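The values are calculated or read from the model by the stated rules, or taken from the named source; none is laboratory data. Only a predicted model underlies this, so the values are computations on that prediction, with no experimental measurement involved. Don't worry about glycine lacking a Cβ; one is built from the backbone with ideal geometry, like all the others, and counts go over all protein chains shown.
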Amino acid sequence: MTQPADTFDSYDAVGNREDLADIITMISPSTTPLLSGIAKVPATATNHEWQTDVLATPSATNAVIEGDDATTTASTPTVRLGNRTQISDKVPRVTGTQRVVDSAGRSDEMALQIMKSGLELKTDVESTLFANNAQVTGNSSTAREAAGIPAWLATNTDFGGGSGADPTGDGTDARTDGDQRAFTESQLKSVLASCWDEGGEPDTIFVGSFNKQTLSAFSGGATRNIESSAKKIINAVDVYVSDFGDLVIMPSRHMRSRDCLVLEMDKWKFAVLRDFQSSELAKTGDTDREQMLVEYTLQSSNEAASGGIFDLTTS
């Protein structure tokens with residue numbers, strides 16, 4: 001059939017209003033499990049420092065002769081470590097006109113951009129903490145940079161062959177990536193045992209999406225739950241039961257997908273020199289600018305309590 005002659009329809013009309021939903025949908029990942037899971041501590045200088053210490057190796061032959069003169073025990077000094085604070089910011093800029101026109105989904109474009117920038121800044125910080133970056137002192141032409149977790153882990157690690165190598169362990173150099181290989185439960189169990197031997201008690205495993213699915217098949221996480229009321233199988237593993245305790249498994253979108261980090265969370269700190277803040281910048285024309293900023297670093301209180309499996313395949 002065809003339309004009757006002289007019928008006026010929507011194709012002829014020029015005054016119909018547009019149909020633009022008054023909702024803006026965003027699914028970009030904004031969760032920050034590491035940043036949310038570690039304690040925040042104050043930093044008071046651009047080189048944030050702390051100390052670590054160890055006990056002497058236990059001796060099974062510590063026996064002395066009755067009445068003998070006491071022999072002085074050698075003392076071991078503490079180790080002084082540090083990490084550079086890094087400044088991260090987001091600066092949205094909106095014209096005066098755009099701030100007053102009638103826009104769908106928001107009453108003020110600057111308010112929307114400030115909200116987005118705040119979420120983006122948090123995910124930038126999360127990515128920095130997970131990054132395989134060495135600390136950079138910085139100068140008048142070079143930005144300071146904080147060393148991320150992979151640059152600290154050197155004691156309890158499992159990595160690929162080829163050129164793969166651990167960093168020094170003090171944040172001054174990044175780890176060297178090796179040949180990628182499949183993630184196995186034996187690698188994880190070896191690192192957990194090494195952490196325990198060093199005195200650590202890891203409680204959280206961070207992995208990317210591909211290796212989260214791999215880990216879910218390990219025997220330590222073999223239990224599956226069946227929700228009878230909904231008649232469905234919950235085929236996810238959120239806790240890995242090891243010989244040295246239970247560990248929460250946290251999938252992360254902001255870490256390197258080739259890494260598996262096994263962390264004792266209270267041994268890592270988010271050290272803040274200037275907390276998340278927002279400042280309106282001076283006008284230089286018919287625009288408004290807002291600077292959102294944070295100055296921070298990562299404190300690795302004792303890397304030997306944690307570990308990592310590196311150079312994993314990601315597909």
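Out of the range 272-300, which residues are polar (S, T, N, Q) and surrounded by 19 or more Cβ atoms within 10 Å (Cβ to Cβ)? Within the range 272-300, Thr297, Gln299, Ser300 qualify. Residues that are surrounded by 14 or more Cβ atoms within 10 Å (Cβ to Cβ) and of a type outside the set (S, T, N, Q) within the range 61-92 comprise Leu81, Gly82, Arg84, Ile87, Asp89, Lys90, Pro92, listed in sequence order.
Check whether at least one residue in the range 142-154 is at pLDDT 90 or above and touching a His at 6+ places or on another chain (Cβ under 8 Å), and report yes or no. There is no residue in the range 142-154 that is at pLDDT 90 or above and touching a His at 6+ places or on another chain (Cβ under 8 Å).
Taking Gly200 as the residue in question, decide whether it is buried (at least 18 other Cβ atoms within 10 Å of the Cβ), small (Gly, Ala, Ser), closer than 20 Å to Gly307 by Cβ and at pLDDT 95 or above. When the stated conditions are applied, Gly200 passes them.
Is it the case, given these coordinates, that Thr95 is within 19 Å of the chain's Cα centre (by Cα), within 22 Å of Met292 (Cα to Cα), surrounded by 10 or more Cβ atoms within 10 Å (Cβ to Cβ) and among the β-branched types (Val, Ile, Thr)? Here the answer is no, as Thr95 does not meet what is asked.
A Cβ distance below 8 Å, combined with a sequence gap of six or more or placement on separate chains, defines the contacts here; from the range 11-38, residues that are under 23 Å from Asp203 (Cα atoms) and modelled with pLDDT of 85 or more reach residues that are of a type in the set (Ser, Thr, Tyr) and surrounded by 10 or more Cβ atoms within 10 Å (Cβ to Cβ) in the pairs Thr32/Thr123; Pro33/Ser252; Leu34/Ser252; Gly37/Thr204. Pairing each residue of the range 57-81 that is touching a residue at least 60 places away in the same chain (Cβ under 8 Å) with any residue that is surrounded by 10 or more Cβ atoms within 10 Å (Cβ to Cβ) and part of a loop (DSSP other than H, G, I, E, B), provided the two are 6+ apart or on different chains, yields C-beta distances under 8 Å for Leu81/Asp170; Leu81/Gly171.
So which residues in the range 121-147 are over 23 Å from Thr176 (Cβ atoms), free of Cβ contacts under 8 Å to residues at least 60 places away in the same chain and not in a loop (DSSP other than H, G, I, E, B)? Correct list: Asp124, Asn139. Here is a check on your reading of the model: is Val79 more than 30 Å from Glu120 (Cα to Cα), of a type outside the set (S, T, N, Q) and at pLDDT 90 or above? Yes, satisfied. Among the residues making up the range 102-126, those that are surrounded by 19 or more Cβ atoms within 10 Å (Cβ to Cβ) and under 20 Å from Phe206 (Cα atoms) are Lys122, Val125, Glu126.
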